[in-house]
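Q: One structure, pasted below without further comment.
The values are calculated or read from the model by the stated rules, or taken from the named source; none is laboratory data. Predicted model only: the values in this text are computed from it and were never measured. FYI the Cβ positions are ideal-geometry reconstructions off the backbone, even for glycines, and counts take in every protein chain you see.
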Amino acid sequence: MYTLIILAIGVFIGWNLPQPVWARDFQNWAVQSVRTVVAKISQRT
């Protein structure tokens with residue numbers, strides 16, 4: 001449980017600090033990929 005809390009804090013901090021261009025592009029790709037998968041799953045139900 002402790003590891004998950006530390007991981008969540010790290011993700012929150014890392015996700016919100018100033019990012020280099022390549023990291024911002026990767027973040028946009030990751031978010032768009034998750035949104036696409038969720039949309040496809042939602043259409044099935």
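Q: With respect to the numbered conditions (1) modelled with pLDDT under 90; (2) surrounded by 10 or more Cβ atoms within 10 Å (Cβ to Cβ); (3) β-branched (Val, Ile, Thr), which one is the sole condition not fulfilled by VAL31?
A: It fails just one condition, (1).
Q: For the stretch 11-28, name all the residues that are surrounded by fewer than 10 Cβ atoms within 10 Å (Cβ to Cβ) and at pLDDT 90 or above.
A: None - no residue of the stretch 11-28 is surrounded by fewer than 10 Cβ atoms within 10 Å (Cβ to Cβ) and at pLDDT 90 or above, so the list stays empty.
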